[in-house]
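Q: Input: one structure, supplied below.
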Amino acid sequence: MNVYDLLPLIPGIPLAGFLVLALAGGRWRRGAVAAAGCGTVGLAALLTAVVAAAFLRAPPEGFAATRTLWTWVAAGDFAAEIGLHLDALSLLMIAVITGVGFLIHLYSAEFMAKEEGYSRYFAYLNLFVSAMLILVLADNLLLLLLGWEGVGLCSYLLIGFWYRDPANGAAARKAFVVTRVGDTALLAGLFVLYGKFGTLQIGQMLHAAPAVLGSGSAAAALVAALLLGGAIGKSAQLPLQTWLPDAMAGPSPVSALIHAATMVTAGVYLIARHHVFFELSPAILGVVGALGAATLLLAGFSALAQHDLKRVLAYSTISQIGYMFLALGAGAWTAAMFHFMTHAFFKALLFLAAGAVIHALAHEHDMFRMGGLRTRLPLAFWTFVAGSASLAALPLVTAGFYSKDLILFHAWTSPHGGPWLWAAGLAGAAVTALYTGRMVCLTFFGVAHTEVSHRPGVLMSGVMVVLAALSLLAGFVETPHTLGGVSVFSRFLGTALPAPAEPHAGAGAELALQVAASAAVLLGLGAAAYAYLRQPPWFRQLAASSAAAALHRLWSAGWGFDWLYDRLVVRPFVGLARINRGDVIDRLYAGLAWLCRTLHARLSETQNGLVRRYAMGIAAGAVIALAIVAFL
Amino acid sequence: MTTLPMEYGLTLAMVLFALGLVGVLVRRNLIFMLVSVEIMLNAAGLAFVTAGMRWGQPDGQIMFLFILTMAAAEVAVGLAIIVRLFRQENTIDADATSKMRG
């Protein structure tokens, strides 16, 4: 038996877990539900490990394995198969999804232990993992779309998990509707692609793209732009980023799994998978980079002004995905995927540690009401610091440093990049360090404001320690030339993604870029520590000034995008809906009904019960009939 | 035997029919309305007989026999309804009994 025959089981087992939990889980004990929910994903992770080991030891022919299960849709010339495609890119994705997903399931088993809807929660989570695996393993775009919509559905269901609060339902709807804008673009992209290629097989399309579309053609630009539209919706990039901060209404492990580690990076995967289209249209590739640069800066500044710990992390996620888009825009596909991997580790860790803190403080989200937790929750503190250091890209010792450094290096040297992208990334690194430092200082240092009610147990602690280790160590699979030049990761991904253009910078320039990036990070961290630990008087005065307050309001509201969309889209739509409450088309049918009722009323008046009137009617009718016969 | 011109018979039938119709329309007493209906039926019968005479056919007279039978049945049913109505409503005024309006 070939090891790649196990491939369909990887998304299949979590799907089976979902079905079982959805149908029978409500009657089970909590322990059984947790075992089923975690077990299926754990099994998927185990199978992924087996497949990955086989892939690394003896790569399949062409570094890709495909398994077609059955034909899903066959209509005329069109056929879509349930086909799974494994190459280095999808292997990386499924490894992160099942690995981090399994850890988060374990964490959830303890985190959600006292919540109602325990089996519902694990059923949704299993469905999510399955849909996400289908998304990254799909060998045609229609199946990819199935996974794409599946993760969107699960995101909706899990954001609104605590559905008794209407605000959570509103956040879920917002997430669903805003991402729907991007999904519509993706669907339009599918139609255009089918029109051009006559197939939706990703491999065939990528192979034929240079011949069919042509370099720099309008068709290539259209395809790339539509795919980009889908990607920015799912990955919460400018201008569709507004849903992600509100998505924090869901449970913390959900934020960690869906809104940090996996689903929101689906857009990055989509672009990396279809990189050929983007290479054929350099203009759209430039847009990708510019959007990423703008997003990472805007979201970074927004994160600086948040009070809610999870909202800081949400804006930070938007900002970090901005880095991935920046890397994609620079044509550095491997750098984007490297940052995806490290980000999945450290951001999942940060969300889980934040969840532990919030859990310990009886659902207190406001950082200004935390403080002093360093000694009371030492494990959460140390793991959170590990994740924060990786997020802030603390030089040399963290995974985030190596992935971000790779992105900044390519942003400078790539023919698609340039000083502007690099400068935006550098400024973003400083801002990231600043808000990370602020977050750590406010939460764990200073005076305690809220009592700790209970501490995380073994399961939650264990998961956080494992992720903390990964956040620190995962970076050493790819180091710059100046620091050893390990290139395990890029050689691995090089079998699926083209290597970026040979850098035109020497070791000296590389070192200079690293020093600049490290200096920016240390500057940001130092400034945060100085401002929030020492709290110098001038800083308080500055914070109290009216200009700072106005800026704080702007950043706190995420640059007013919600306000703008409310005015531009939501209110006009609600207004139109109000005007059209009695549907205009319905008026026609209402009129018809009114006519019938009126005629009925008039005619029923003639039924007056007076028998002589009836006789009169008959006589008059007879006279008229006779007159017609006689005179016409 | 001299034959009457057909016009005479038909004119008489027409006059009778009109009288009966006017009776149905203007009388409110149900007995009189029933009588007026009888007059109209007989007018129709006369028209049949006249037409049969004109063509030298017996069909007109046969038809009159049918009309007689039918008229008898109709009067029987009609009188029964009137008796029932009188018992229930204590009136035989057609306009006073309009319970079956729509």
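The values are calculated or read from the model by the stated rules, or taken from the named source; none is laboratory data. All values reported here derive from a predicted model rather than from experimental measurement. Glycine gets a Cβ as well: all are built from the backbone with ideal geometry, and neighbour counts include every protein chain shown. The area values use the complete protein model at the heavy-atom level, side chains included, leaving out ligands, DNA and RNA. Shrake-Rupley method; radii C 1.70, N 1.55, O 1.52, S 1.80 Å.
Q: Using θ = phi - 60° and the Karplus form 6.51 cos²θ - 1.76 cosθ + 1.60, what ³J(HN,Hα) does each residue of region B:66-73 get, whole Hz, x for Gly and Pro?
A: After applying 6.51 cos²θ - 1.76 cosθ + 1.60, I find 4, 4, 4, 4, 4, 5, 4, 4 Hz.
Q: Relative to the longest principal axis of the C-alpha atoms of chain A, give the angle of the C-alpha long axis of helix A:419-444, reported between 0 and 90° and rounded to the nearest 10°.
A: 90
Q: Now for a different question. Give me the compactness ratio for region A:22-155, meaning the Cα radius of gyration over 2.2 N^0.38 Å.
A: 1.17
Q: A further question follows. Which net charge results for the neighbourhood of A:L143, defined as the other residues with beta-carbon distances under 14 angstrom from its beta-carbon, given Lys and Arg at +1 and Asp and Glu at -1? Walk me through the numbers before you get to the answer.
A: Values: positive: A:R67, A:R273; negative: A:E81, A:D139, A:E149.
Within the 14 Å Cβ shell, the charges total -1.
Q: With each label point set 7 Å from Cα along the Cα-Cβ vector, what nm distance links A:R180 and A:L396?
A: Each label point is offset 7 Å from its Cα along the Cβ direction, giving 5.3 nm.
Q: DSSP loop trypsin sites (Lys or Arg not before Pro) in region A:512-582 with at most 13 other Cβ atoms within 10 Å of their Cβ, which ones?
A: A:R581
Q: Continuing with the same structure: Could you please state, rounded to a whole Å, how far the C-alpha centre of region A:108-162 is from the C-alpha centre of region A:417-438?
A: 33
Q: Report the local net charge at A:A303: Lys and Arg +1, Asp and Glu -1, summed over other residues whose C-beta lies under 13 Å from its C-beta.
A: Values: positive: A:K310, A:R311, A:K347, A:R438; negative: A:D308.
Net of charged neighbours comes to +3.
Q: With every protein chain present, what is the per residue accessible area of region A:70-214 (1.4 Å probe, Å²)?
A: Working: 5120 Å² over 145 residues.
Accessible surface, normalised per residue, equals 35 Å².
Q: In addition: Could you state how much accessible area is buried at the B-A interface, both sides summed, with a 1.4 Å probe, in Å² to the nearest 100?
A: Interface between B and A: roughly 900 Å².
Q: Further question on the same structure: In region A:134-234, which chymotrypsin sites (Phe, Trp or Tyr not before Pro) fall in coil by DSSP and have 14 or fewer other Cβ atoms within 10 Å?
A: Within region A:134-234, the qualifying chymotrypsin sites (Phe, Trp or Tyr not before Pro) (loop, at most 14 other Cβ atoms within 10 Å) are A:Y163.
Q: Give me the one-decimal nm value for the distance between modelled label points at A:V458 and A:A75, 7 Å along each residue's Cα-to-Cβ direction.
A: Using points 7 Å along Cα→Cβ, the separation is 5.4 nm.
Q: On to the next question. How big is the C-alpha Rg of region A:68-122 next to the rule-of-thumb value 2.2 N^0.38 Å, as a ratio?
A: Relative to the 2.2 N^0.38 Å estimate, region A:68-122 comes out at 1.78.
Q: Just the number: Rg to Rh for region A:182-271, Cα atoms, Kirkwood Rh, two decimals.
A: Across region A:182-271, the Cα-based Rg/Rh ratio is 1.08.
Q: According to the Cα gyration tensor, what semi-axes, each the square root of 5 times an eigenvalue, does the equivalent ellipsoid of the protein assembly as shown have, listed from largest to smallest in whole Å?
A: Equivalent-ellipsoid dimensions as semi-axes: 85, 32, 26 Å.
Q: Something else: Give the range of the longest stretch in chain A that excludes all GluC sites (Glu not before Pro) found in loop regions by DSSP and having at most 12 other beta-carbon atoms within 10 Å.
A: Counting at most 12 other Cβ atoms within 10 Å as exposed, the longest clean stretch of chain A is A:117-450.
Q: If you don't mind, another one. Among A:W243, A:V287, A:G233, pick out the residue whose Cα is farthest towards the positive end of the charge dipole of chain A, where Lys and Arg carry +1 and Asp and Glu carry -1 on C-beta, about the Cα centre.
A: It is A:W243.
Q: Also, quick follow-up: Taking the Cα atoms only, what angle lies between the long axis of helix A:202-212 and the longest principal axis of chain A, rounded to 10 degrees?
A: With rounding to tens, the tilt is 90 degrees.
Q: Additional query: Reported to two decimal places, what Rg/Rh ratio describes region A:439-565 when computed on Cα atoms with Rh from the Kirkwood expression?
A: Computed over Cα atoms, the ratio is 1.08.
Q: Using a Debye calculation, one point per C-alpha and no hydration shell, please list log10 I(q)/I(0) for region A:526-604 at q = 0.18, 0.22, 0.23 Å⁻¹ in order.
A: Computed log10 I(q)/I(0) values: -0.88, -1.01, -1.04.
Q: Using only the alpha-carbon atoms, how far is helix A:88-111 inclined from the longest principal axis of chain A? Give it as 0 to 90 degrees, nearest 10.
A: The angle comes out at about 80 degrees.
Q: While we're looking at this one, here's another question. Considering the Cα positions of region A:583-631, please state its Rg to one decimal place and its Dmax as a whole number of Å.
A: 17.4, 52
Q: Something else: Starting from 0.36 nm per residue, how many nanometres of slack lie between A:T482 and A:E451 once their C-alpha separation is accounted for?
A: 6.4 nm
Q: Here's another thing I want to ask about it. Checking the table A:K174/A:K310; A:K174/A:K234; A:K114/A:K347 against a 23 Å threshold on Cα-Cα, which pairs fail? Numbers along the way, then the final one.
A: Numbers: A:K174/A:K310 18 Å; A:K174/A:K234 13 Å; A:K114/A:K347 25 Å.
Over 23 Å apart, Cα to Cα: A:K114/A:K347.
Q: So which trypsin sites (Lys or Arg not before Pro) in region A:1-83 are both in a DSSP loop and have at most 12 other Cβ atoms within 10 Å of their Cβ?
A: A:R29
Q: Starting from 0.36 nm per residue, how many nanometres of slack lie between A:V569 and A:A208 once their C-alpha separation is accounted for?
A: Working: separation 361, 0.36 × 361 = 129.96 nm, distance 3.95 nm.
Extra length from A:V569 to A:A208 when fully extended: 126.0 nm.
Q: For region B:30-90, would you read off the P(r) tail past 17 Å as a percentage of all alpha carbon pairs?
A: Summing the P(r) of region B:30-90 above 17 Å gives 48 percent of all pairs.
Q: Between A:Y614 and B:N29, how high is the FRET efficiency from 1/(1 + (r/R0)^6) when r is the Cβ-Cβ distance and R₀ = 22 Å? Nearest 0.05. Present the calculation step by step, with values, prior to reporting the outcome.
A: On the way: r = 17 Å, r/R0 = 0.77.
Efficiency computed from Cβ-Cβ geometry: 0.85.
Q: About the Cα centre of region A:167-294, what is the dipole size in debye to 20, counting +1 per Lys and Arg Cβ and -1 per Asp and Glu Cβ, all else neutral?
A: Once rounded to the nearest 20, the dipole reads 160 debye.
Q: Could you give the C-alpha radius of gyration of region A:483-632 expressed as a fraction of 2.2 N^0.38 Å, taking N as the number of residues it contains?
A: For region A:483-632, the normalised Cα radius of gyration is 2.86.
Q: Separate question: Net charge near A:P8: determine it from the other residues with C-beta under 15 Å of the C-beta of A:P8, scoring Lys and Arg +1 and Asp and Glu -1.
A: -2
Q: Continuing with this model, one more query. Determine ³J(HN,Hα), in whole Hz, for all residues of region A:125-141 in sequence, where each value follows from phi through the Karplus function 6.51 cos²θ - 1.76 cosθ + 1.60 and θ = phi - 60°; x replaces Gly and Pro.
A: Result, ordered by residue: 5, 5, 4, 4, 4, 4, 5, 5, 5, 4, 4, 7, 9, 4, 9, 9, 5 Hz.
Q: Moving on. Taking the Cα centre of chain A as the origin, how large is its charge dipole in debye, to the nearest 20, when only Lys and Arg (+1) and Asp and Glu (-1) carry charge on their Cβ atoms?
A: Rounded to the nearest 20 debye, it is 1820 debye.
Q: Sticking with this one: A:A601 to A:L576: extension gain in nm, 0.36 nm per residue of separation minus the Cα-Cα distance?
A: 5.4 nm is the gain from fully extending A:A601 to A:L576.
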